[in-house]
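I have placed the structure first, in the form of structure tokens, so that the comments after it can refer back to it.
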Amino acid sequence: MTSASDNISLREFHSLNPRPQKLIVTIALGVLVGAAVLLYKYSWRQSVLFIIGSLLGIALYNSSFGFASAYRKLLLSKDGRGMYGQLLMLSVATLLFAPLLSAGKVFGQEIEGAIAPIGISGIIGAFIFGIGMQLGGACGCGTLYTIGSGSYTMIITLITFCLGAFYATLTHGFWSGLPKIPPIVLGETIGWPAAVLIQLTILLLLAVGLGTWIKNSNSIAQNTQFSPWSIFTGAIALAVLNWLTLLISGHPWRITWGFALWTAKVAMYLGWSPSSGGFWDGDSSLSSSVFSDISSVMNLGIILGALLAAALAGKLTPQIQITPLKTLAKVLGGLLMGYGAFLSFGCNIGAFFSGIASTSLHGWIWIIFALLGTFVSIKLQALFDSPLDLPPMV
């Protein structure tokens, strides 16, 4: 005979492991296969990159991998689990990227890292982004995968992220004139073996320092969410998938460009003309299909992959939590993220993850100022009463 306590345990188990939502899984798989086939019209690479984007969405959802939430928990409660995951992700990606970047060309495909200059605009952009990702409730990839998994409030953040990125392109002339120095890439400056060794040493020292800082903390948040993957499984998966993106497309994973491009195309439809001598003048991407753009295809893949993962887990339930202050926070957060990401040559993916994996110094500068922005935003966020929508860290 089963006791009452056993019944409770069974109910709790099934609440953590609900049955797959079969109809949604079938539809999502059908869309995934159909889109991959249709994208072959543009190139086989677009099809493969769409699938990689979907796998990124699955990895992000299954591991509850977040960037914005990791920074927040680190500063508020000295919970370093998310940061340990990011340090592992960067270490694996550094090892994987180096052989491709040192070769310069693989199977006839030109290989180029996420490289950018270091300047005033990048510093300001990263700081602004750090504020925005806390107010908005997620980072760039977090916005995409939480929408796919049912957090539809994040659509507000996505729309304003797109608007902010597009507006930054219209003011590009001002920011491009500010002081900056040329890109510094360790692999090209001191050689790839030495660069990898130095970067791995820095990441190890950061992990040791982080462990020392949080060692005596009694306020580490307890994990209350079932997750099929550990944060470290997700970290390795993201590193491998970013490496595959570099191998297939010739460039690492990036997100922000797709958002700016989507908004520019909508603006053109509404009557805006790009032929004004500004950033967009002569840009061929405006005259071609959005599905020929790598970042756009991968962004859509992330949403679909997260939807599929949530449906397989039986947890795809619409979540809409809107209050005036929370809406205002997401609007401001999205605008700041979009504007800041474009100024700093990418978000937490294009600038931080892909930049550091490419041994570009701008990636390290980005995270320093993004964390400073996060600290400021945590103080501001209490005014909006806008908690993060990201799932808790594993």
**Prompt:** Limited to segment 306-341, what total is found for residues that are open to solvent by less than 60 Å² (accessible area, probe 1.4 Å) and of a type in the set (S, T, N, Q)?
**Reply:** 1
**Request:** Consider Ser176 carefully, then state whether it is in contact (Cβ under 8 Å) with a residue 24 or more places away in the chain and more than 26 Å from Thr359 (Cα to Cα).
**Result:** no
**segment 266-284: number of residues that are in a helix (DSSP H, G or I) and over 24 Å from Thr157 (Cα atoms)** = 1
**Message:** So Thr359 ticks every box in (1) modelled with pLDDT of 95 or more; (2) more than 15 Å from the chain's Cα centre (by Cα); (3) closer than 24 Å to Lys22 by Cα; (4) of a type in the set (Val, Ile, Thr) but one. Which box is left unticked?
**Reply:** (3)
**Complete:** Residues in segment 1-52 that are at pLDDT 90 or above, in a loop (DSSP other than H, G, I, E, B) and in contact with a helix residue (DSSP H, G or I) (Cβ under 6 Å, 6 or more places away or on another chain) total 2
**Message:** Could you go through segment 246-257 and let me know if any residue there is open to solvent by 40 Å² or more (accessible area, probe 1.4 Å), at pLDDT below 95 and not basic (Lys, Arg).
**Reply:** yes
**Filtered residue count, segment 308-343, keeping only those that are part of a helix (DSSP H, G or I) and out of contact with any helix residue (DSSP H, G or I) (no Cβ under 8 Å at 6 or more places or on another chain)** = 1
**Request:** Output the number of the condition that Ser121 fails; it satisfies all remaining conditions of (1) open to solvent by 10 Å² or more (accessible area, probe 1.4 Å); (2) outside any helix (DSSP H, G or I).
**Result:** (2)
**Asked** Ala194 is checked against (1) open to solvent by less than 60 Å² (accessible area, probe 1.4 Å); (2) at pLDDT below 95 and fails just one. What number does that condition carry?
**Response** (2)
**Complete:** The residue from Ile156, Ile115 that alone is assigned to a loop (DSSP other than H, G, I, E, B) and surrounded by fewer than 24 Cβ atoms within 10 Å (Cβ to Cβ) is Ile115
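Quick check on this structure: which one of Leu88, Leu96 is under 17 Å from the mean Cα position of the chain (by Cα), open to solvent by 10 Å² or more (accessible area, probe 1.4 Å), more than 13 Å from Phe352 (Cβ to Cβ) and among the hydrophobic types (A, V, I, L, M, F, W, C)?
Details: Leu96 fails: under 17 Å from the mean Cα position of the chain (by Cα).
Only one candidate qualifies: Leu88.
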**Request:** Give just the number: which of (1) open to solvent by less than 20 Å² (accessible area, probe 1.4 Å); (2) over 17 Å from the mean Cα position of the chain (by Cα); (3) modelled with pLDDT of 95 or more does Gly80 not satisfy?
**Result:** (3)
**Prompt:** Regarding Gly164, is this residue open to solvent by less than 70 Å² (accessible area, probe 1.4 Å) and either in a strand (DSSP E or B) or modelled with pLDDT of 95 or more (or both)?
**Reply:** yes
**Fill in**
Of the residues in segment 266-305 that are open to solvent by less than 70 Å² (accessible area, probe 1.4 Å) and charged (D, E, K, R), the one that is farthest from the chain's Cα centre (by Cα) is Asp283
**Test: Gln46 is under 20 Å from Ile255 (Cβ atoms), buried (at least 17 other Cβ atoms within 10 Å of the Cβ), of a type outside the set (Lys, Arg) and more than 15 Å from the chain's Cα centre (by Cα)** = yes
**Message:** Which residue is surrounded by the most Cβ atoms within 10 Å (Cβ to Cβ), if the candidates are limited to segment 171-187 and must be within 26 Å of the chain's Cα centre (by Cα) and in a helix (DSSP H, G or I)?
**Reply:** Gly187
**Item:** Failed criterion for Thr263 (all others in (1) assigned to a loop (DSSP other than H, G, I, E, B); (2) touching a residue at least 24 places away in the same chain (Cβ under 8 Å); (3) more than 16 Å from the chain's Cα centre (by Cα) hold)
**Value:** (1)
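The values are calculated or read from the model by the stated rules, or taken from the named source; none is laboratory data. Everything numeric in this text was worked out from a predicted model, so none of it was measured. So basically every Cβ, Gly included, is an ideal-geometry build from the backbone, and we count neighbours across all protein chains shown. Accessible surface areas use protein heavy atoms only, side chains included; no ligands, DNA or RNA. Shrake-Rupley method; radii C 1.70, N 1.55, O 1.52, S 1.80 Å.
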